[in-house]
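Asker: Quick one: structure below, then a few questions.
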Amino acid sequence: MKREAIRSRIWHEEAEPDNPFAAARCYCHGYDVYGEVLGRADWTEYLYLLFRGERPEDAHRRLLNDLAVALADPGPRDHSVLAAMNGGVGGSHAAACLMAALGVGAGQLGGGREVVLAMALWSSCATDIDAWRQALTAPAPVERADVWPEMEHAPGFDPHGASCPGPVRRTLEHLASVSSGDALTWLQRHREALEDITRCPLAMTGVAAAAFIDLGFTSAQAEYIYLILRLPGAAAHALEQQEFGFRHFPFFQDAVHLTDDPGERSA
């Protein structure tokens, strides 16, 4: 009788001798996770190993680590964080708050899908400013309009911005200084020219897309990692708003009126 097994190039396990359903050893791309990796690698090194299948060079390790810091908390102005905050103040459980952040943060305005589209521009234009000008002024039609609507702005740029925000400029400057690739340094040199073409300031999605190009990730891998790296801030803000309560939530306090408020009666 044929014995079925889960197929994976990423993960291999050796079962405990007394329990075939429990692992005695776990290997990630050949590395013993609990014998070699644990205690020797930091979190971003292991993340790189999981997705790329090899240990990162020191420049890649530092670039991914610093990108993770820059993306960890987009702040309460970000739509995905605000979605998690709404869940937290409304009493939703942790999974619901994180799913709200993922759902809202997956789209084409500051979300994971925008990173994918920005990376597609890098694949087709590389470091040719004329190719960028052509691609940004005459974008190709969307392939799956039933899944994603047509983009209404240049991927990687903020259609509502007036000028490039400080955090975006400083993140680009720092990541370009530690990257061993070409995308971030080229983007830093040509940022203003690209902003003139698009008539929009560079957004954090554009910086992240260039960083993922320099790290060697595919756009599919980058989309997942971008969503993962932004969750810590969403979780922290959801917890904070849950503690504050709806009375201190700026979008609820003036709109919710209790007709039978026990607090007012006791006062």
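Asker: Looking at the range 168-178, can you tell me whether even one residue there is among the hydroxyl-bearing types (S, T, Y) and modelled with pLDDT under 95?
Answerer: The answer is no, given that none of the residues of the range 168-178 is among the hydroxyl-bearing types (S, T, Y) and modelled with pLDDT under 95.
Asker: Could you grab me the full set of residues in the range 83-124 that are polar (S, T, N, Q) and surrounded by 15 or more Cβ atoms within 10 Å (Cβ to Cβ)?
Answerer: N86, S92, Q108, listed by residue number.
Asker: Given the options G35, G30, name the one that is surrounded by fewer than 13 Cβ atoms within 10 Å (Cβ to Cβ), in contact with a His (Cβ under 9 Å, 6 or more places away or on another chain), over 30 Å from F244 (Cβ atoms) and not hydroxyl-bearing (S, T, Y).
Answerer: G30
One line per residue, one yes/no per condition, for (1) small (G, A, S); (2) modelled with pLDDT under 95; (3) under 18 Å from the mean Cα position of the chain (by Cα):
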site: I6; (1), (2), (3): no, yes, no
site: E13; (1), (2), (3): no, yes, no
site: E45; (1), (2), (3): no, no, yes
site: E54; (1), (2), (3): no, no, no
site: L63; (1), (2), (3): no, no, yes
site: V69; (1), (2), (3): no, no, yes
site: H79; (1), (2), (3): no, yes, yes
site: G90; (1), (2), (3): yes, yes, no
site: C97; (1), (2), (3): no, no, yes
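Asker: So F217 passes all but one of these: (1) within 17 Å of the chain's Cα centre (by Cα); (2) over 17 Å from G105 (Cβ atoms); (3) assigned to a helix (DSSP H, G or I). Which condition number does it fail?
Answerer: Of (1) within 17 Å of the chain's Cα centre (by Cα); (2) over 17 Å from G105 (Cβ atoms); (3) assigned to a helix (DSSP H, G or I), only one is false for F217: (3).
Asker: If I ask for residues that are surrounded by fewer than 24 Cβ atoms within 10 Å (Cβ to Cβ) and either more than 11 Å from the chain's Cα centre (by Cα) or among the hydroxyl-bearing types (S, T, Y) (or both), which ones from the range 220-232 would you list?
Answerer: A220, Y224
Asker: So, M85, is that one more than 23 Å from F212 (Cα to Cα), touching a Pro at 6+ places or on another chain (Cβ under 7 Å) and in contact (Cβ under 8 Å) with a residue 40 or more places away in the chain or not?
Answerer: Yes; evaluated as a whole, the condition is true for this residue.
Asker: Taking H79 and the conditions (1) loosely packed, with under 11 Cβ neighbours inside 10 Å; (2) closer than 30 Å to F244 by Cβ, which numbered condition does it fall short on, given that it satisfies the others?
Answerer: The number of the failed condition is (1).
Asker: Would you please list the contacts, defined by Cβ atoms under 7 Å and residues six or more apart or on different chains, that run from a residue in the range 28-47 that is under 16 Å from S8 (Cα atoms) to a residue that is of a type outside the set (D, E, K, R) and surrounded by 17 or more Cβ atoms within 10 Å (Cβ to Cβ)?
Answerer: C28/V37; C28/L49; H29/L49; Y31/V37; Y31/L49; V33/Y27
Asker: All but one of (1) touching a residue at least 60 places away in the same chain (Cβ under 8 Å); (2) assigned to a helix (DSSP H, G or I); (3) surrounded by 15 or more Cβ atoms within 10 Å (Cβ to Cβ) hold for T185; which doesn't?
Answerer: Failing condition for T185: (1).
Asker: Any idea which of D196, D214 is crowded, with 19+ Cβ neighbours inside 10 Å, among the acidic types (D, E) and modelled with pLDDT of 95 or more?
Answerer: Numbers: D196 fails: crowded, with 19+ Cβ neighbours inside 10 Å.
Among D196, D214, only D214 is crowded, with 19+ Cβ neighbours inside 10 Å, among the acidic types (D, E) and modelled with pLDDT of 95 or more.
Asker: Which residue is nearest to V69 (Cα to Cα), if the candidates are limited to the range 1-27 and must be acidic (D, E) and surrounded by 10 or more Cβ atoms within 10 Å (Cβ to Cβ)?
Answerer: E13
Asker: Would it be correct to say that A59 is surrounded by fewer than 16 Cβ atoms within 10 Å (Cβ to Cβ), hydrophobic (A, V, I, L, M, F, W, C) and in the same structural domain as E114 (by TED's automatic domain parsing)? Give the derivation first.
Answerer: Values: surrounded by fewer than 16 Cβ atoms within 10 Å (Cβ to Cβ): yes; hydrophobic (A, V, I, L, M, F, W, C): yes; in the same structural domain as E114 (by TED's automatic domain parsing): no.
Judged against the criteria, A59 is not a match.
Asker: Would you point out which residue out of L117, L49, L64, L82 is touching a helix residue (DSSP H, G or I) at 6+ places or on another chain (Cβ under 7 Å), among the aliphatic types (A, V, I, L, M) and either in the same structural domain as F217 (by TED's automatic domain parsing) or assigned to a helix (DSSP H, G or I) (or both)? Walk me through it before giving the result.
Answerer: On the way: L117 fails: touching a helix residue (DSSP H, G or I) at 6+ places or on another chain (Cβ under 7 Å); L49 fails: touching a helix residue (DSSP H, G or I) at 6+ places or on another chain (Cβ under 7 Å); L82 fails: touching a helix residue (DSSP H, G or I) at 6+ places or on another chain (Cβ under 7 Å).
Within the list L117, L49, L64, L82, the selection yields L64.
The values are calculated or read from the model by the stated rules, or taken from the named source; none is laboratory data. Note that this is a predicted model, so its numbers are computed, not measured. Cβ atoms come from the backbone with ideal geometry, glycine included; neighbour counts cover every protein chain shown.
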